[in-house]
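Undergrad: What follows is a structure written as structure tokens; I'll ask about it next.
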Amino acid sequence: MRTNTRLIGHIVAFLVVAVWGSTFVFTKLLLLSGLSPAQIFTLRFIVAYALLLAFSLCRHGHRWMADTWKDELLMVGLGLTGGSMYFLTENEAMNHTTTTNTSLIVCLCPLFATALIGAVYKTERLRPSQMLGTVLAALGVVVVVLNGHFVLHLSPLGDTLALSACLCWAVYSLLMISANKRYDVVFITRKVFFYGLLSMIPYYLLTGNDFLSTNHGSSLLEVLRKPAILTNLLFLGCVASMICFVAWNWAMKVLGAVTTTNYVYVNPITTILFAWMILNEQITIFFLLGTLLILTGMYLAENSPRHTNK
């Protein structure tokens with residue numbers, strides 16, 4: 001039974017990363033329509049939170065707060081690192097550096113997550129063969145993202161923001177270990193959406209951005225009346241946010257934070273495959289070589305004794 005559950009966990013983690021790898025198309029359309037990255041994040045989290053709250057209210061034993069104020073602060077941390085801070089730093093990074101740099105740095109977050117979690121939890125520290133696996137997977141990401149163009153244009157501000165997004169997700173993975181011990185994934189995920197949204201209020205106040213107006217000068221409500229825009233937004237909110245966050249947090253409970261986070265290495269593979277199928281972009285030898293390195297590395301990283309988070 002445990003083996004079957006872990007197998008399902010691996011499938012779920014892969015599918016979540018596959019969906020997240022496809023969201024660039026939907027996000028790009030919303031950006032072209034005049035929505036800002038902050039508006040896109042806010043709208044998709046509003047949709048996700050509303051649906052998850054409605055689901056929670058229909059469940060027996062619905063709760064509003066965590067058991068202790070320390071646990072509630074833990075939920076705040078999850079909302080910040082896995083919500084507003086992660087998305088804002090990642091999206092803002094692309095305004096100051098290349099998409100290649102951002103993708104490369106963010107997709108290497110399993111390295112940071114593994115180091116951070118291993119420093120806190122001795123039972124999650126990797127053996128030499130596992131470390132070799134995660135390094136091989138990281139190398140595969142580099143090969144896939146660079147795609148034969150081994151020149152990076154450094155941008156201190158943009159690259160620092162991308163690194164900040166990477167570290168946010170590493171901290172989120174660490175905090176999820178503690179949260180998963182005491183709370184179910186639906187409650188945790190709902191808290192992530194709530195505090196992610198709540199922490200956006202200071203952002204709008206400090207930046208002076210008008211949430212109800214788009215970059216093209218039209219009103220937000222006018223843009224949302226367009227069926228294509230509304231459909232893409234609902235996909236990002238219902239599927240990429242609500243379903244995927246619940247599924248990802250459940251996979252972390254089943255597989256452990258390190259193993260699940262390693263699936264982020266698959267993100268560039270799914271992104272390029274999606275672009276090949278939808279946008280007719282070319283598959284190169286570098287993509288195939290990088291994919292082989294990623295899959296080999298992930299196999300070595302997973303081929304280890306089962307640990308229990310303590």
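Undergrad: Could you say whether any residue in the stretch 3-26 is at pLDDT 85 or above, farther than 24 Å from SER173 by Cα, in a helix (DSSP H, G or I) and not basic (Lys, Arg)?
TA: no
Undergrad: Scan the stretch 187-238 for residues that are under 23 Å from the mean Cα position of the chain (by Cα) and of a type in the set (D, E, K, R) and report the count.
TA: The qualifying residues number 2.
Undergrad: Quick test of your reading of the structure: ALA66 fulfils all but one of (1) modelled with pLDDT of 75 or more; (2) over 21 Å from CYS244 (Cβ atoms); (3) not in a loop (DSSP other than H, G, I, E, B). Name the failing condition by number.
TA: Against the list (1) modelled with pLDDT of 75 or more; (2) over 21 Å from CYS244 (Cβ atoms); (3) not in a loop (DSSP other than H, G, I, E, B), ALA66 comes up short only on (3).
Undergrad: While we're on this one: Pairs, please: C-beta under 6 Å, at least 6 apart or cross-chain, first residue touching a residue at least 60 places away in the same chain (Cβ under 8 Å) and open to solvent by 50 Å² or more (accessible area, probe 1.4 Å) and in the stretch 209-222, second in a loop (DSSP other than H, G, I, E, B) and not polar (S, T, N, Q)?
TA: Sorted first by the residue in the stretch 209-222, then by its partner, the pairs are ASN215/GLY34; HIS216/GLY34.
Undergrad: Only one residue in LEU273, LEU293, LEU234 is open to solvent by 50 Å² or more (accessible area, probe 1.4 Å), of a type in the set (A, V, I, L, M), in a helix (DSSP H, G or I) and farther than 19 Å from LEU52 by Cβ, so which one is that?
TA: LEU273
Undergrad: Read through the list (1) farther than 16 Å from VAL192 by Cβ; (2) modelled with pLDDT of 75 or more, then give the number of the only condition that SER178 fails.
TA: All conditions pass for SER178, except number (1).
The values are calculated or read from the model by the stated rules, or taken from the named source; none is laboratory data. Quick caveat, the model's predicted, so the values are computed rather than measured. FYI the Cβ positions are ideal-geometry reconstructions off the backbone, even for glycines, and counts take in every protein chain you see. In case anyone asks, the SASA skips ligands and DNA or RNA and just uses the protein heavy atoms, side chains included. Shrake-Rupley method; radii C 1.70, N 1.55, O 1.52, S 1.80 Å.
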